[in-house]
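A quick write-up on the structure given underneath.
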Amino acid sequence: MKKETHIIDSTKQDTSEKDYSKYFQTTYQPPSLKDAKRRGKEKVQFHKDFTIDEDLQNIGVGKKFMIRTYGCQMNEHDTEVMAGILSDMGFESTTDTNEADVILLNTCAIRENAENKVFGEIGHLKPLKLEKPGLILGVCGCMSQEESVVNKILQKHQHIDLIFGTHNIHRLPQLIKNAIFNKEMVIEVWSKEGDIVENLPRVRKGNIKGWVNIMYGCDKFCTYCIVPYTRGKERSRHPEDIIEEVRHLARNGYKEITLLGQNVNAYGKDLEEVDYGLGDLMDEIRKIDIPRVRFTTSHPRDFDDHLIDVLAKGGNLVEHIHLPVQHGSSDVLKLMARKYSREHYLKLVDKIKTKIPNAVFTTDIIVGFPNETDEQFEETLSLVKEVEYDMAFTFIYSPRDGTPAAKMEDNVPMEVKKERLHRLNAVMNEIFLKKNKALVGEVVEVLVEGESKKNPDVLSGHTRTNKVVHFQAPKSMIGELVNVKINDAKTWSLNGELVKTVEVSQ
Ligand code: 5AD
Ligand code: SF4
């Protein structure tokens, strides 16, 4: 069972004792946060010529794959791309671990508990690998970009066959082949800043809602966040490639698209020789015949007036804005390197509310940042009450190895952090319920997405403002936009009754 470890990184100089280049003409150095932090002026390369070598096109015939996805929508979408590549290699997908020949864990590094879940799963898969030595077990996604994770897998989890990162998903055919035909663990993690690879195949999850990447990476370097290290520098796709993908989804009957990026408001800043931003992109996508367009995630610092003016035109641009604030105290925001103050954030919210009066705001908040005082935490509570969010994701700060905040001394005990999270959630839940109750008696447009998870006789879907609605209707309505009258409000969802199908006019 013990395998020889085989580490490759085609972007680096050889520093290993052993030279593996005779196998792969590549050399070894572990992925490094230090390297990732140096943002060079290197030009982003666009690759539009993705193909799968002929000898790899049938390598998966008669075999099955399964991908477990952790974390954000970016990862969900990367999974769709990997599923597309594997399908083009002849693999079929399965949801049954026991019948899979390839299992990939597409991982998230954002908080420690996300990583613990993955290590738990790696452990659970060991007996299966012992039973079925031909099974290929792979770890990819954000955790693979971390040196400490790669080292831990090397030391403790030798039953893993393949580790690859976020920059080389397009190399999956070769990587799978290497993992199948070599007895050693195959590791290919690029510490580079990232290129853009177009024309990758995709197997999308469902045909009602689709994700479209508009940019990759993040240059914001918030002091608590690992993403700029795991996802590389900010790089925008060309507008024409994005628009073509949206048009393609529209032609195929998709009803909603979500434009994806870690910091979508920085879209276009890296595009050379054009002055083109998210507002311009949304203004073009607004004219495409697709009923709903969302985007995530916004950064309050880069949210500009042009974008607000375009969003105010409405139509298929929904009036939901996910605007992570992270904290209510300007002092903490400074330590977080968010590059805006509480006042700036509140002014921005006001500006958006003035131009888009029915705008609904959701957010992300971190409690228990190093040395957060009671007073500073109270500022988060008061901000939340002032903005009156309709929904939020709240987290206890989790130190991430290699980030500046992880080096800060912290005098806040975990018990206090947990108590603050509890208090924040109680305040927020009250607001969510109040906001939802205000909708009782109203008729809202719902995109019918499928059976409710709890009751197959009930259908569920989302409003334009991204609220979950449950109601009874024939299953033939799945995929349609319908009108639902709300008659009951819960903290996290609404119940209603079908009124009539909405005419979608563009
Ligand atoms: N600890 C806790 N929460 C974090 N987030 C990002 N990094 C951390 C961390 N180290 C949260 C932020 C971000 C969301 C995706 O995850 O709120 O907006
Ligand atoms: Fe992380 Fe900040 Fe970039 Fe968001 S903007 S991905 S929180 S570094």
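Spacing of the modelled spin labels on residue 305 and residue 57, each 7 Å from Cα toward Cβ, amounts to 5.5 nm. With the gyration tensor restricted to C-alpha atoms of region 276-360, the semi-axes of the equivalent ellipsoid amount to 26, 13, 11 Å, longest first.
No disulfide-compatible partner, judged by a Cβ distance under 4.7 Å, exists for the following cysteines of the chain: 72, 108, 140, 142, 218. Stretched out straight at 0.36 nm per residue, the stretch from residue 351 to residue 148 would grow longer than its current Cα-Cα span by 68.7 nm. Here region 294-352 has 51 percent of its accessible surface on carbon and sulfur atoms, given a 1.4 Å probe and all protein chains in place.
In region 34-125, which trypsin sites (Lys or Arg not before Pro) are in a loop and have at most 16 other Cβ atoms within 10 Å, using DSSP for the loop call?
Details: sites: 34, 37, 38, 39, 41, 43, 48, 63, 64, 68, 111, 117; in loops: 38, 39, 41, 43, 48, 63, 111.
Sites meeting the loop and neighbour criteria: 38, 39, 41, 43, 48.
Protein heavy-atom surface of region 146-283, 1.4 angstrom probe: 47% of the accessible area is carbon and sulfur, with nucleic acids and ligands not counted. Here the extension length gained between residue 478 and residue 411 equals 19.0 nm, from 0.36 nm per residue of separation less the Cα-Cα distance. Summary of the geometry: region 127-142 and region 347-386, compared by the centres of their Cα atoms, lie 43 Å apart.
Once you reduce region 171-245 and region 79-99 to the center of their Cα atoms, the two points are 17 Å from each other.
Where in region 339-441 are there GluC sites (Glu not before Pro) that are in a DSSP coil and have at most 16 other Cβ atoms within 10 angstrom of their Cβ? Filter output for region 339-441: 388, 409. Shape class of region 443-499 from the alpha-carbon gyration tensor: rounded, with the ratio a/c of largest to smallest axis under 1.5. The phi torsions of region 488-497, fed into the Karplus equation with coefficients 6.51, -1.76 and 1.60 and a -60° offset, translate into couplings of 7, 10, 10, 4, 10, 7, 10, 10, x, 10 Hz, rounded to whole numbers, with Gly and Pro shown as x.
In order along region 146-155, the Karplus-derived 3J(HN,Hα) couplings, from 6.51 cos²θ - 1.76 cosθ + 1.60 at θ = phi - 60°, round to 9, 3, 5, 5, 4, 4, 5, 5, 4, 7 Hz, and Gly and Pro are given as x.
Determine the relative contact order of the chain: mean sequence separation of Cα pairs under 8 Å and six or more apart, normalised by residue count, in whole percent. Present the calculation step by step, with values, prior to reporting the outcome.
Working: 1019 pairs, mean separation 53.9, N = 506.
The value is 11 percent.
Working from label points 7 Å from Cα in the Cα-to-Cβ sense, the residue 427 to residue 95 distance is 4.0 nm.
Proximity of backbone amide H atoms, modeled 1.01 Å from N, is registered between residue 470 and 494, 495, 496 at under 5 Å, excluding neighbours fewer than 5 places apart on the same chain.
The calculated FRET efficiency for the pair residue 126 and residue 43, based on their C-beta separation and a Förster distance of 45 Å, comes to about 0.55.
Projected over all directions and averaged, the alpha-carbon convex hull of region 393-461 occupies 8.3 nm². The angle between the Cα long axis of helix 239-251 and the longest principal axis of the Cα atoms of the chain comes to about 70 degrees, rounded to the nearest 10. In terms of the Cα gyration tensor, with a ≥ b ≥ c the square roots of its eigenvalues, is region 105-186 rounded because a/c is under 1.5, prolate because a/b exceeds b/c, or oblate? Here region 105-186 falls in the oblate category.
Rounded to whole numbers, the Karplus 3J(HN,Hα) couplings from phi for region 160-166 are 6, 9, 8, 10, 9, x, 8 Hz, using 6.51 cos²θ - 1.76 cosθ + 1.60 with θ = phi - 60°, and x at Gly and Pro. At each listed q (0.13, 0.15 Å⁻¹), what is the log10 of I(q)/I(0) that the Debye formula gives for region 121-256 modelled as equal alpha-carbon point scatterers? Debye curve over Cα of region 121-256, log10 I(q)/I(0) at q = 0.13, 0.15 Å⁻¹: -0.73, -0.91. The share of accessible area on region 443-499 that comes from carbon and sulfur is 49 percent, using a 1.4 angstrom probe. Per residue, the chain reaches -9000 deg cm²/dmol at 222 nm when only DSSP H runs of four or more residues are counted, each adding -39500 (n - 2.57).
Annotation for residue 313 and residue 248: the two label points, set 7 Å from Cα along the Cα-Cβ direction, are 2.4 nm apart. Surface exposure of the chain, expressed per residue as accessible area with a 1.4 Å probe, stands at 45 Å².
Going through region 134-174, which trypsin sites (Lys or Arg not before Pro) have at most 13 other Cβ atoms within 10 Å and a DSSP loop state? Mind showing how you got there, number by number?
Details: sites: 152, 156, 171; in loops: none.
Filter output for region 134-174: empty list.
Beyond 27 Å between alpha-carbons counts as too far, so tell me which of 129/152; 269/313; 334/417; 417/437; 417/453 fall in that bin. Don't skip to the answer; put the middle values down first.
On the way: 129/152 18 Å; 269/313 23 Å; 334/417 20 Å; 417/437 30 Å; 417/453 32 Å.
Violating the 27 Å Cα-Cα cut-off are 417/437; 417/453.
If you scale each eigenvalue of the Cα gyration tensor by 5 and take the root, what three semi-axes come out for region 200-437, rounded to whole angstrom and sorted largest first? Could you put the intermediate results ahead of the total?
Details: eigenvalues 204, 88, 55 Å².
That gives 32, 21, 17 Å for the three semi-axes.
When the P(r) of the chain is calculated, the portion above 39 Å amounts to 27% of the C-alpha pairs.
The values are calculated or read from the model by the stated rules, or taken from the named source; none is laboratory data. Remember, it's a predicted structure, so these values are computed and weren't measured experimentally. Note that we place each Cβ from the backbone using ideal geometry, even for glycine, and neighbour counts take in every protein chain shown. The accessibility values were calculated without ligands, DNA or RNA, using every heavy atom of the protein model including side chains. Shrake-Rupley method; radii C 1.70, N 1.55, O 1.52, S 1.80 Å.
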